[in-house]
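The structure appears right after this line, and notes come after that.
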Amino acid sequence: MDRKKKVEKRKRRHLRVRKKVNGTPERPRLTVYKSLKHIYAQIVIDPPIGPSRTLTGASTLSPEIRDEVAKAKGKIEKAKLVGKLIAERAKKLGVEKVAFDKSGYKYHGRVKALADAAREAGLKF
């Protein structure tokens, strides 16, 4: 399967899931995006009308964990660091529960590592 079809199928899965998974002020949406080198996570509120609002975000490029990311062996370890950081930032904002949006990716590897690390750091899915 060529790259273009693979990306398009993931985007279709993401849109299909997004019909049901919404971020409310009581339970914002934790969304994940991964590129070949980096992984990104955001906490988002989706109002009924108007654009979504991002409360906070974290990635492997975040200054707080940049040194640790450089020392990490693999991408899964880096994803764990991002999961821990996004959970800490969410706690500072008073967010305890989130709806997990894996953006059409399979729940394994980096996505699973990020989710597990966020759960360990105190977020409830």
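Values in this text are rule-based calculations from the coordinates and carry no lab data. If you're wondering where the values come from, they're calculated on a predicted model, not measured in any experiment.
Assorted remarks:
- Here the ratio of the Cα radius of gyration of the range 3-120 to 2.2 N^0.38 Å is 1.05.
- Extent along principal axes [Cα atoms of the range 44-88; Å; largest to smallest]: 43, 18, 15
- Relative contact order of the range 3-120, defined on C-alpha pairs under 8 angstrom at six or more residues apart (%): 30
- Nonlocal amide H pairs with PHE100, under 5 Å, H built at 1.01 Å: LEU30
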